[in-house]
Amino acid sequence: MPKVKNLNGAKSIFVANVKGGVGKSSVAMNLAGGLSKLGYRVGLMDADVHGPSAPIMLGVTERPEALPDEYLMPVIAHGMKTMSIGYIIDERRAIDWRGVLASGTLLQFIQRTFWGELDYLVFDLPPGTGDIQLSLAQKIKVTGSLLVTTPQDVALADVYRAKSMFDRVRIPVTGIVENMSYFVGDDGKRYDIF
């Protein structure tokens with residue numbers, strides 16, 4: 001499959017880590033939403049085909065509009081153009097595709113979405129360093145990646161693995177977000193979660 005060409009020069013940002021449950025989707029959606037609030041034209045691609053979360057997190061129940069030549073219009077949510085396989089497949093259905101099928105379908109999905117003019121396209125990647133991450137890294141010109149972690153040692157160890165993968169595919173890591181570190185209670189005191 002050729003390189004994805006319909007991104008029209010948008011800066012692409014991967015939000016990633018090897019570990020699941022660290023808050024990648026929350027960070028990706030807040031990053032995309034923040035850029036949109038600053039006046040940028042933003043797209044958000046939910047690239048987790050096995051566990052798509054964008055429809056639920058964004059509160060979207062509509063399906064993307066089908067266009068001629070098998071293209072899809074992205075779903076507008078909170079001022080952003082969004083796409084997720086979760087908009088098309090029933091949320092109770094398991095997507096039990098092997099790596100090559102999952103990554104190929106995702107690349108087609110990105111290629112067949114009519115993104116229009118964008119300044120930024122934020123990718124909410126699935127956990128891991130496998131077929132999907134490597135296929136996207138090879139087919140999309142990526143501006144940078146943002147790694148998400150929680151403060152436990154096991155999560156931090158996976159940050160090193162994710163950084164190692166991005167180093168190998170020459171995608172710069174532009175930052176690390178430590179999520180779920182602490183909360184401030186009603187009493188004004190800080191409480192460490194882990």
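The values are calculated or read from the model by the stated rules, or taken from the named source; none is laboratory data. Quick caveat: nothing in here was measured; it's all calculated off a predicted structure. Because the Cβ atoms are built from the backbone with ideal geometry, glycine has one as well, and the counts that use them run over all protein chains shown. For the accessible areas, the whole protein counts, side chains as well, though only heavy atoms, and no ligand, DNA or RNA atoms are used. Shrake-Rupley method; radii C 1.70, N 1.55, O 1.52, S 1.80 Å.
Which sequence of ASP131, ASP186, ASP192 reflects their accessible areas, 1.4 Å probe, from the largest down?
Details: ASP131 75, ASP186 170, ASP192 100 Å².
In descending accessible area the options line up as ASP186, ASP192, ASP131.
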Exercise. Once label points are set 7 Å from the Cα along Cα→Cβ at both HIS78 and LEU38, what is their separation, rounded to one decimal in nm?
Worked result: 1.6 nm
Seminar exercise, completed: In Å², rounded to a whole number, the accessible area per residue of the chain with probe 1.4 Å is 54 Å²
Problem set entry | Sites ILE88 and GLN138 - FRET efficiency at Förster radius 25 Å, r taken between beta-carbons, to 0.05 | 0.55
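Please say if the stretch 14-97 is rounded, prolate or oblate, where rounded means a/c under 1.5 for a ≥ b ≥ c the square roots of the C-alpha gyration tensor eigenvalues, and otherwise the choice is prolate for a/b larger than b/c and oblate otherwise? Intermediate values should be presented prior to the final figure.
Details: a/c = 1.86, a/b = 1.04, b/c = 1.79.
Since a/c reaches 1.5 but b/c is at least a/b, the shape of the stretch 14-97 is classed as oblate.
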Problem set entry | Nearest 10 degrees, 0 to 90: helix 24-37 Cα axis against the chain principal axis | 70 degrees
Exercise. Which value in nm describes the separation of the simple spin-label points at LYS189 and TYR71, placed 7 Å from the Cα toward the beta carbon?
Worked result: 5.8 nm
Problem set entry | Translational diffusion coefficient (Stokes-Einstein; Kirkwood radius from C-alpha pairs) of the stretch 102-194 at 4 °C, 1.567 mPa s, in µm²/s | 84 µm²/s
